[in-house]
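Chemist: The structure is given below, and queries will be raised subsequently.
The values are calculated or read from the model by the stated rules, or taken from the named source; none is laboratory data. The structure displayed is predicted, hence computed values, not measured ones. Cβ placement follows ideal geometry from the backbone for every residue including glycine, while neighbour counts extend to all protein chains displayed.
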Amino acid sequence: MKTHHYKAIIQWTGNRGTGTSGYRDYDRNHTISVENKAIIDGSSDPSFRGDKTKHNPEEMFLSSLSSCHMLWYLHFCSEAGIIVIDYTDEATGIMEETSNGSGHFTEVTLHPTVIVSEESMIEKAEKFHHQVNEYCFIANSVNFPVKHIPIVLVK
């Protein structure tokens, strides 16, 4: 079995001068750094006192599922001779907050719109979305269903 190792540095930037002296006394802002890559400004969801102009963990989690699916999908299409010329996904997720303040995602639905170069490719291109779930590293790491409602169109 081959293993891969990843490293990210998360740095809290929300100390207003008194640290976490009180629940309302600090910002949830932070940076996410990976060597040789652009820094991502993060915060918590505005529902949890976060900055709505920054990415939150729930959005990044949803984005991880969507981008992993897309990359595997494009891989399968390229191997099968299906020419994808555009791909956009409007992914949605449902997270339930529990009575103690914790929570978990219960489902994610991917809504990819794929544009292929020829009409003869549409049927096969639609089927790959279901196969991708067997390969996507992120989808294989979650304990809830990742659903797909794809649209495949021709240029």
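Chemist: Please give the number of the condition Cys136 fails out of (1) within 27 Å of Asp45 (Cα to Cα); (2) touching a strand residue (DSSP E or B) at 6+ places or on another chain (Cβ under 7 Å); (3) among the hydrophobic types (A, V, I, L, M, F, W, C).
Modeler: All conditions pass for Cys136, except number (2).
Chemist: Follow-up question, since we're still on this one. Answer with yes or no whether Glu90 is at pLDDT below 95 and acidic (Asp, Glu).
Modeler: Values: at pLDDT below 95: no; acidic (Asp, Glu): yes.
Criteria not met by Glu90.
Chemist: Output the residues belonging to region 50-90 that are among the acidic types (Asp, Glu) and either touching a helix residue (DSSP H, G or I) at 6+ places or on another chain (Cβ under 7 Å) or under 22 Å from Thr31 (Cβ atoms) (or both).
Modeler: Going residue by residue through region 50-90, those that are among the acidic types (Asp, Glu) are 51, 58-59, 79, 86, 89-90.
Of everything in region 50-90, those that are among the acidic types (Asp, Glu) and either touching a helix residue (DSSP H, G or I) at 6+ places or on another chain (Cβ under 7 Å) or under 22 Å from Thr31 (Cβ atoms) (or both) turn out to be Asp51, Glu58, Glu59, Asp89.
Chemist: When residues of region 115-145 are filtered for being among the hydrophobic types (A, V, I, L, M, F, W, C) and in contact with an Asp or Glu (Cβ under 7 Å, 6 or more places away or on another chain), how many remain?
Modeler: Pass one, region 115-145, residues among the hydrophobic types (A, V, I, L, M, F, W, C): 115-116, 121-122, 125, 128, 132, 136-139, 142, 144.
Now drop any that are not in contact with an Asp or Glu (Cβ under 7 Å, 6 or more places away or on another chain), which leaves 115, 144.
Number satisfying all stated conditions: 2.
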